[in-house]
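Enquirer: Pasting a structure below so you can have a look.
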Amino acid sequence: MTTSTHHKLRDQIENCILTGEFHPGDRLDEVQLATRFQVSRTPVREALMQLSAIGLVEIKPRRGATVVDPGPERIFEMFEVMAELEAMAGAMAARRHQEQDQIAILEALAKCRDAAESNDTDRYYYENEAFHHAIYVASHNGFLQEQCIALHRRLRPYRRLQLRVRNRMSVSLSEHEGIVDAILAGDADAATVRLRSHIAVQGDRFGDLIANLRQLDRRRA
């Protein structure tokens, strides 16, 4: 299987969890999943390991994989930390970015814009991921980059879900443009504020996210 196919399988299982088709506590049988998605057990096992790494699945010896529900409080706490890490990366990128970083950030922004204009939320998510990674690289702080990537990975399902809120994708793109302006202008303070606001899910945005999760939860009934 190609990398994109692996991602698609992981996203399909992830979507089944988020939409409530797979309930918290449900056991995820590798054979059944392989049959359902018409793949071998090996990519299913890899997908479950990736979902375990971000806390959506728990894998125990002799018991296999089960679905985990982290709860809204935990999600909020992770977004709080992510907002601060991204703000720090943006400030460092504003001060330290080099010509190759500028090129990478602008290319990533252009791909986000193209995905948004196509109204493709899944594609936008992955271009958005590349955009943020370009900022992490531009910070020129290896440890910070590792921490940002690790937490970004854990929040992936919820960041994908946020993009399905009405107008969120267009708002996200507009925020990206402001972030790029600040970084390329060398304005660390503005980059900090804009990235923190971009990631934070306080107030209405957190309410929208929780409302979506509750709507998906009602579908389990």
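The values are calculated or read from the model by the stated rules, or taken from the named source; none is laboratory data. This structure is a prediction, so every number in the text was calculated from the model and none was measured. Virtual Cβ from ideal backbone geometry, glycine too; neighbours counted across all protein chains shown. Surface accessibility is based on the protein's heavy atoms, side chains included, excluding ligands, DNA and RNA. Shrake-Rupley method; radii C 1.70, N 1.55, O 1.52, S 1.80 Å.
Enquirer: Conditions: (1) surrounded by 14 or more Cβ atoms within 10 Å (Cβ to Cβ); (2) farther than 30 Å from residue 146 by Cα. Residue 68 meets all but one. Number of the miss?
Expert: With (1) surrounded by 14 or more Cβ atoms within 10 Å (Cβ to Cβ); (2) farther than 30 Å from residue 146 by Cα applied to residue 68, the lone miss is (2).
Enquirer: Continuing with the same structure: Here are 171, 180, 137, 165: which of them is open to solvent by 60 Å² or more (accessible area, probe 1.4 Å), β-branched (Val, Ile, Thr) and closer than 15 Å to residue 198 by Cα?
Expert: Result: 171 is the single residue among 171, 180, 137, 165 that is open to solvent by 60 Å² or more (accessible area, probe 1.4 Å), β-branched (Val, Ile, Thr) and closer than 15 Å to residue 198 by Cα.
Enquirer: Working carefully through the options 193, 171, 165, 201, find the one that is modelled with pLDDT under 95, among the β-branched types (Val, Ile, Thr) and assigned to a helix (DSSP H, G or I).
Expert: 171
Enquirer: For residues in segment 83-96 being touching a Cys at 6+ places or on another chain (Cβ under 8 Å) and aliphatic (A, V, I, L, M), which is surrounded by the fewest Cβ atoms within 10 Å (Cβ to Cβ)?
Expert: Only one residue fits best here, namely 85.
Enquirer: Restricting to segment 115-134, count the residues that are assigned to a helix (DSSP H, G or I) and either of a type in the set (D, E, K, R) or open to solvent by 70 Å² or more (accessible area, probe 1.4 Å) (or both).
Expert: Qualifying residue count, segment 115-134: 5.
Enquirer: Open to solvent by 10 Å² or more (accessible area, probe 1.4 Å), closer than 22 Å to residue 55 by Cβ and not hydroxyl-bearing (Ser, Thr, Tyr) - does that describe any residue in segment 99-113?
Expert: No, segment 99-113 has no match at all.
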